Amino acid sequence: MQSRGSRNAGRSGARPRQRLLHGWDWSDPRIELEELAPASRVLVADGAGDMIAALTDAGHEVTAVSSNRQQLRYARARVAGGGFEPGAAERLIDVARGMVRAASPAWSRRRMRQFLQEDDPLRAASVWHERLDNRVLASLLKTMLGPAGMLSALVLRDFSTPIPAHFDEAIRGRIGRALRKHAPHDNPYAWRLLLGEELPGHRLPRVDPSSVAWVEDPLLDHLERAAPGSYDALTLSNVTDGADERWVRDLRKAALWAVTPGGPVIARSFATTMDDEAAKRARRDRGMLWGSIVVQRAGA
């Protein structure tokens, strides 16, 4: 749920809403860390600071770009040790989680907190399928995430992104898949998504915000002005979800121009994919939300 910003198109339009959209990042930086060469110059489509802090802490030279001034300031404060504030994304998820909790005792805070302490992924997946992925959840998600659903309308309003068809079924399957691979007891994304709380003891790597270049600019505009090879890698979250085809085409061209030959351009999507490698990467991401993670190499 990333805001892209652009001259003529994109979720936020030419004048993005200056409000906090993301209080947490939902992209697992382990994926990026697998793809990046040491000490890479990386452009990050801003977010909430998790990705920025992880890559900076790993020794990469990070530039964070966003046309949303408030989001950029929040990310800068957070990498320096600032506290969490819920953004529009977290408020949307909280609405859905609250409705499920009210209708299903299995989703009570006490029971969910007990579940999230499970350190065996197979047991966690079994509990998910037997107790948590129940009829109440299926019915509510189908209603809320359907074409006329309340959450679909709110996501479109806040992010100008349509919910993919059958996303209710997809997200239930992705949570079960993630639990089989990543035990919830040390997965911060499971705690965020299923309980709305931070994993106890989890902290962002604390980095000097002055070591990051903070750029207030629409992503496409920034890339089109960049010199060839300005970056060794780009990580874009899901900026292309629901975007205008021309904007996506222009973004891809500008991204590959701005990255050194062989450098990765990493993009996530809520949509399912027939690309086997992109699907495998999505399964490795602990964030539980993604249908695909595409890595395109400049010049390939």
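Here is how the numbers come out for the structure above:
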{"read-out": "Identity of the residue in region 284-293, open to solvent by less than 60 Å² (accessible area, probe 1.4 Å) and not in a loop (DSSP other than H, G, I, E, B), that ends up farthest from residue 152 (Cα to Cα)", "value": "293"}
{"read-out": "Positions within region 73-103 being in contact with a strand residue (DSSP E or B) (Cβ under 7 Å, 6 or more places away or on another chain) and open to solvent by 20 Å² or more (accessible area, probe 1.4 Å), in sequence order", "value": "76"}
{"read-out": "Residue match in region 30-43 (condition: modelled with pLDDT under 95 and outside any helix (DSSP H, G or I))", "value": "no"}
{"read-out": "Pick from region 214-238, criterion closer than 21 Å to residue 25 by Cβ and of a type in the set (Gly, Ala, Ser), ranking: least open to solvent (accessible area, probe 1.4 Å)", "value": "233"}
{"read-out": "Counted residues, region 208-263 - those being under 22 Å from residue 78 (Cα atoms), modelled with pLDDT under 95 and of a type in the set (A, V, I, L, M, F, W, C)", "value": "1"}
{"read-out": "In region 239-283, the residues that are assigned to a helix (DSSP H, G or I) and open to solvent by 80 Å² or more (accessible area, probe 1.4 Å)", "value": "245, 246, 249, 252, 253, 257, 276, 277, 280, 283"}
{"read-out": "Residues of region 136-163 satisfying the condition of being among the hydrophobic types (A, V, I, L, M, F, W, C), open to solvent by 60 Å² or more (accessible area, probe 1.4 Å) and assigned to a loop (DSSP other than H, G, I, E, B)", "value": "148"}
{"read-out": "Long-range neighbours under 8 Å by Cβ, at least six apart or interchain, first residue at negative phi within region 242-266, second aromatic (Phe, Trp, Tyr)", "value": "258/231; 259/231; 260/231; 263/231"}
{"read-out": "Pairs with Cβ under 8 Å, 6+ apart, first in region 26-41 and hydroxyl-bearing (Ser, Thr, Tyr), second surrounded by fewer than 12 Cβ atoms within 10 Å (Cβ to Cβ)", "value": "none"}
{"read-out": "Subset of region 136-146 (residues that are of a type outside the set (Lys, Arg) and touching a residue at least 12 places away in the same chain (Cβ under 8 Å))", "value": "136, 137, 138, 140, 141, 144, 145, 146"}
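The values are calculated or read from the model by the stated rules, or taken from the named source; none is laboratory data. Computed from a prediction, not measured in an experiment: that's the story for all the values here. Because the Cβ atoms are built from the backbone with ideal geometry, glycine has one as well, and the counts that use them run over all protein chains shown. Quick note on the areas: whole protein, heavy atoms, side chains included, nothing else; ligands and nucleic acids left out. Shrake-Rupley method; radii C 1.70, N 1.55, O 1.52, S 1.80 Å.
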